[in-house]
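Everything below concerns the one structure shown next.
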Amino acid sequence: MASISTRIGTFSIENPVLLASGILDETSGSILRSLREGAGAAVTKSIGVTERKGYSTPVISEIKTGLLNAVGLSNPGIENFVEEYKNFPEKRKVVVSIFGGNVEEFSILARRVEQAGFDKVELNLSCPHVKGVGSEVGQDPELVEEIIAEIKGHTSLQVWAKLSPNVTDLVALAKAAQKADAYVLINTLRAIGVEIYSRKFSLSNVVGGYSGPGIKPVALRAVYDVYKETQKDIVGVGGITTWEDAVEFFLLGARAIEVGTAFIYEDYPIYSKINKGLSDYLDSEGFSRLDDIVGVMVKDGAFKGH
């Protein structure tokens, strides 16, 4: 049977299917359940320096091709987060998502995360609907470079940079983040929903993030572009609901994938379904391990236009 183990930076995991930030990760209990149901690792909800309430409802709207959401980065704040995870048994498999408005806030969060016994952070440089943080920080290459240098220089944490697709030049942004151990591509697309009978917006914040199957081609393009230029480790995310979707990301350079909106359709069995499908695919295609297919469509110049 083919091996589906993988590696992101120095983090080795039994399988490449991770829980994405913002979905079923509001408590330590839900994170632990994902790990026990077959996730190789899990990313927490994004955590800030202080507690944040977020936006008023409605914050989520289901559409034909996925979800619109503008939760507003609601979170308990770093100290409450640390207290909740004090006795968590699987910290090695948890990637802590953090957000801030400047270098100092990211630095405070990263140091506190390391003190709490975690060894990986995912920098939320791409939330599309909250002023002063997320993509407003992440679209400034110099600031991105400074944030990563600060964390790498003052902690031993692995740093994953989650970049925004809502920029003109994603590759340039990725190169600014080159000191990160890995890229996470992509976050949601800026979007709006309209209710024609009430003549109201679908979300209280008006603008939200679009996730789900409809954004997969955009995510695939991002992985392809960035891998081709950097060859760095990539975690692919965006519209993945099946093992076939996952294979597409691996062929273009991703070493792992995150699933989020797919839980609407599959719930917790999605981990085992994707893992089994990946293993069966590798066996049927004559590959002995997942690493054999990572980036082959880029490395071998296999792209053929029609």
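Where a number appears in this text, it was derived from the coordinates with a stated rule and is not lab data. None of the values given here were measured: they were computed from a predicted structure. Methodologically, a virtual Cβ is constructed for each residue, glycine included, from the backbone with ideal geometry; neighbour enumeration extends over all protein chains shown.
A compact table of results
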{"read-out": "FRET efficiency, 1/(1 + (r/R0)^6) with R0 41 Å, evaluated for Lys228 and Asp280 via beta carbons", "value": "0.90"}
{"read-out": "Three-way shape call for segment 35-100 based on the alpha-carbon gyration tensor, with the a/c threshold at 1.5", "value": "oblate"}
{"read-out": "Computed label-point distance, nm, for sites Met1 and Ile108 using a 7 Å Cα→Cβ extension", "value": "4.7 nm"}
{"read-out": "Ser74 paired with Ser204, simple spin-label distance in nm, labels 7 Å along Cα-to-beta-carbon", "value": "0.8 nm"}
{"read-out": "Cα-centred dipole magnitude for the chain, charges only on beta-carbon of K, R (+1) and D, E (-1), debye, nearest 20", "value": "280 debye"}
{"read-out": "In nm, spacing of pseudo-spin labels at Lys64 and Lys91 (7 Å Cα→C-beta vector)", "value": "4.8 nm"}
{"read-out": "Neighbour-count ranking [beta-carbon atoms within 10 angstrom, fewest first] of Thr50, Thr230", "value": "Thr50, Thr230"}
{"read-out": "Per-pair calculated FRET efficiency, R0 = 35 Å: Asp267 and Glu14 via Cβ, rounded to 0.05", "value": "0.95"}
{"read-out": "Of all DSSP beta bridges in segment 6-299, antiparallel share, percent nearest 5", "value": "40 percent"}
{"read-out": "Answer label for mean projected area of the Cα convex hull in nm² (calculated), chosen among [x] 14.9; [y] 15.7; [z] 13.9", "value": "[y]"}
{"read-out": "Two-site FRET efficiency, Glu195 against Glu83, from Cβ-Cβ distance with R₀ of 41 Å, rounded to 0.05", "value": "0.55"}
{"read-out": "Surrounding net charge for Glu142, when Lys and Arg each add one and Asp and Glu each subtract one, Cβ distance under 15 Å", "value": "-4"}
{"read-out": "Cα-based shape type of segment 157-306, given that a ≥ b ≥ c are square roots of the gyration tensor eigenvalues and the cut on a/c is 1.5", "value": "oblate"}
